[in-house]
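I have placed the structure first, in the form of structure tokens, so that the comments after it can refer back to it.
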Amino acid sequence: MKAFNDWDWRIKIVGPIFYSLVITTFFSYDFLSSMAWGKMVALVLIIFGYSLMLIARFQLKDRFAIKPRSEKGIITCGIYRVVRHPIYISSSISALGVCFYSSILLNNFLLDIFLSFFLIAYVSMQIFRAKKEEKKMMEKYKEYAEYRQKTIF
């Protein structure tokens, strides 16, 4: 097991925290300048999505990777007890919040169409990645089929 002060661990956690703070600060400043319900919903989606993503990444510890890896085993505790792919779900929730916020802020029909296509493509990509990861895990671990039945996406 890697040491707690390993640089690799810091990079994987500090990056999302930094981006979460920057995005939250930007959206909070604009939100507080004009209290609108749509902006509040978008901000809640963004904060909830990034918070869930940080929790899931923290629970993965040294198992997080951009490409699916199966050599380290199955994680079945924490958020992973209920959801198989919380990072994919949480990033999609945050993307929905950002698209919704941008749509409200810029109020442009063509931009709304572009954001809709972007969101559909992004969620489709996350589903593709999840299916690819599940295929790899099913090949490697027999108990993954049982885990799959007990959890959602």
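Observations
- Total residues in segment 95-134 satisfying the condition of being in contact with a Phe, Trp or Tyr (Cβ under 7 Å, 6 or more places away or on another chain) and touching a residue at least 60 places away in the same chain (Cβ under 8 Å): the figure is 2.
- Within segment 138-149, the set of residues being in contact (Cβ under 8 Å) with a residue 12 or more places away in the chain and closer than 16 Å to ARG81 by Cα comprises GLU143, TYR144, TYR147, ARG148.
- Flag for LEU60 being within 19 Å of the chain's Cα centre (by Cα), among the aliphatic types (A, V, I, L, M) and either at positive phi or modelled with pLDDT of 80 or more (or both): no
- Here is the figure for segment 79-117: residues that are outside any helix (DSSP H, G or I) and surrounded by 15 or more Cβ atoms within 10 Å (Cβ to Cβ) total 3.
The values are calculated or read from the model by the stated rules, or taken from the named source; none is laboratory data. Being a predicted model, the structure only gives us computed values, none of them experimental. Here the Cβ is made from the backbone with ideal geometry for all residues, glycine too, and neighbour counts use every protein chain on show.
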